[in-house]
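Novice: Sending over a structure as structure tokens; questions will come in a sec.
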Amino acid sequence: MKNSILLLALVAAAVAVSGLAYAQDEPDPKASDPNMAEVKISLPDASFSGTPLDYWSEHLDLSIKPRGPFYAPKGTTLLSLNKPVACSDKSVPAEKLKMVTDGDKKFDEASVLVLKPGVQYVQIDLGKPQKLFGIVIWHFHEYERVYFDVVVQVSNDPNFKEGVTTLLNNDYDNSAALGQGKDKEFIEKETGRLVDAKGTEARYVRLYSNGNTTDDMNTYVEVDVYGLAAE
Ligand SMILES: [Ca+2]
Ligand SMILES: [Ca+2]
């Protein structure tokens, strides 16, 4: 009996994956919508490092099903490639910030941007407000890690004072003081974490984090922003 309750809890946790993240074997209603098309996300090679994740939390997403295809309105495309990036860590040279949107998603150390400890963000400027449907984050994927206080926001205000929409927040105890989040923590993989942008129109994308299960640093391999390009 106890085993079946545990199994139910695990299945519930697997189904609780939010937003766009339909698993491969689940029906996605968008698949049969004639206004939708599959958006191909360019994925890096997996590392297959054996380093095990030594972390568990009730806030961790335990689902192990691979993500299904990403559907969005026809015409949705990658908007963020080579777009300018700013960040909260002023010691990072501007040249290095390009790594967030340069299309290089390899796990090698040379492909990973490192920001100092504490609550830090990177911010992508898409150039103009555009309808956004998906944001994919690769903090790190050489081996399994979980990043803390991951908050993804979009706005037309570069200072994120006005008109801010929060698309993901897994800061369950509000330690980053951006509001208490209800999303699950997730294990970093080569597939990245797809965040539903829900058609929000915005020019700027800001992504926060606050260290990870290996160290206190904040890192980025790449961030993809998908949406409809403004005319
Ligand atoms: Ca990159
Ligand atoms: Ca927290």
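Read the figures in this text as sums done on the coordinates, not as results from a lab. Because the structure is a prediction, the values reported are computed rather than measured. Glycine also receives a Cβ, built like all others from the backbone with ideal geometry; neighbour counts cover every protein chain displayed.
Novice: Give me the percent relative contact order of the stretch 2-228, please, defined on Cα pairs under 8 angstrom at least 6 residues apart.
Specialist: Values: 519 pairs, mean separation 62.3, N = 227.
Once normalised by length, the contact order is 27 percent.
Novice: Could you pull out every residue, at least 5 positions away or on a different chain, whose amide H is within less than 5 Å of the one on LEU60? Hs are placed 1.01 Å off N in the peptide plane, and Pro or chain starts have none.
Specialist: GLU185
Novice: Leaving out same-chain residues fewer than 8 places away, which lysines sit with a Cα under 20 Å from that of LYS83?
Specialist: Cross-link targets: LYS40, LYS96, LYS98, LYS105, LYS106, LYS128, LYS131.
Novice: Would you mind telling me which residue in PHE148, PHE70, PHE160 has the biggest mean-square fluctuation in a Gaussian network model of the chain, where springs connect alpha carbons within a distance under 10 angstrom?
Specialist: Comparing PHE148, PHE70, PHE160 in the GNM, the peak value goes to PHE160.
Novice: Put +1 on the Cβ of each Lys and Arg and -1 on the Cβ of each Asp and Glu in the chain; which of SER209, ASN35, LEU168 then has its Cα farthest toward the positive end of the dipole?
Specialist: Going by the charge dipole, the pick is ASN35.
Novice: Hey, another quick one. What do you get when you divide the Cα radius of gyration of the stretch 2-228 by 2.2 N^0.38 Å, with N the number of residues?
Specialist: My calculation over the Cα atoms of the stretch 2-228 gives 0.99.
Novice: When the helix-only estimate is applied to the chain (DSSP H runs of n ≥ 4, each -39,500 (n - 2.57), divided by the residue count), what is the mean residue ellipticity at 222 nm, nearest 500 deg cm²/dmol?
Specialist: Calculated at 222 nm, the ellipticity per residue is -2000 deg cm²/dmol.
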